[in-house]
1. For segment 69-79, in order, what is each residue's ³J(HN,Hα) by Karplus, 6.51 cos²θ - 1.76 cosθ + 1.60 with θ = phi - 60°, in whole Hz (x at glycine and Pro)?
2. If you put +1 on each Lys and Arg Cβ and -1 on each Asp and Glu Cβ, how big is the dipole of segment 17-99 around its Cα centre, in Debye rounded to 20?
3. Counting only heavy atoms of protein chains, what accessible area per residue, in Å², does the chain have with a probe of 1.4 Å?
4. Suppose only helical runs count, i.e. DSSP H with n ≥ 4. What mean residue ellipticity at 222 nm does that imply for the chain under -39500 (n - 2.57) per run, divided by all residues and rounded to the nearest 500 deg cm²/dmol?
5. Looking at the chain, identify the longest residue range that excludes and avoids all GluC sites (Glu not before Pro) in DSSP loops having at most 14 other Cβ atoms within 10 Å.
6. Let's test the formula: R0 of 25 Å, r as the Cβ-Cβ distance of Arg82 and Glu18. What FRET efficiency results, to the nearest 0.05?
7. Any idea what angle helix 38-50 forms with the longest principal axis of the chain, computed on alpha-carbon atoms, 0 to 90 degrees, nearest 10?
8. What list of ³J(HN,Hα) couplings, whole Hz, do you get for segment 91-98 from phi and the Karplus terms 6.51, -1.76, 1.60, once you set θ to phi - 60° and write x for glycine and proline?
Amino acid sequence: MALIWNRSIDWNAEDWREVAACRNTEADMFFPIGATGVAIDQIESAKRVCNQCDVQAPCLEFALATNQESGVWGGTSEEERRKIRKQWLAARRRANATR
Ligand code: SF4
């Protein structure tokens, strides 16, 4: 089945990466190894940066649309994003079905 969606945000045109709050932070913080021990602190630190970021919404949408499985994106952990993505895909299918 083809994955079809209509972007609510044009992440390319808006060039959101240019103003990402994580641009000058340690990449390790956003891509911790695992989800236990030290990684928990790294994930929480990354989320704090995300919560101050002006482009959290397009970042999260990009991560969902392109199925970014690793790292913290848009203030979400890998596990959180897996759950959110199922709902996001279902909403996209419903929206496309009514067109
Ligand atoms: S929301 Fe988080 S991961 Fe996304 S650009 Fe902003 S700081 Fe970086």
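1. These are the phi-based 3J(HN,Hα) values: 8, 10, x, 9, 9, x, x, 10, 7, 4, 5 Hz.
2. The calculation lands at about 700 debye.
3. About 67 Å² of surface per residue is accessible.
4. About -14500 deg cm²/dmol.
5. 27-68
6. Result of the calculation: an efficiency of 0.35.
7. Tilt relative to the chain: about 60 degrees.
8. Values per residue, Gly and Pro as x: 5, 5, 5, 4, 5, 6, 5, 8 Hz.
The values are calculated or read from the model by the stated rules, or taken from the named source; none is laboratory data. Predicted model only: the values in this text are computed from it and were never measured. Ideal geometry is used to build each Cβ from the backbone, glycine not excepted, and the neighbour counts take in all protein chains shown. SASA here: full protein model, heavy atoms, side chains in, ligands and nucleic acids out. Shrake-Rupley method; radii C 1.70, N 1.55, O 1.52, S 1.80 Å.
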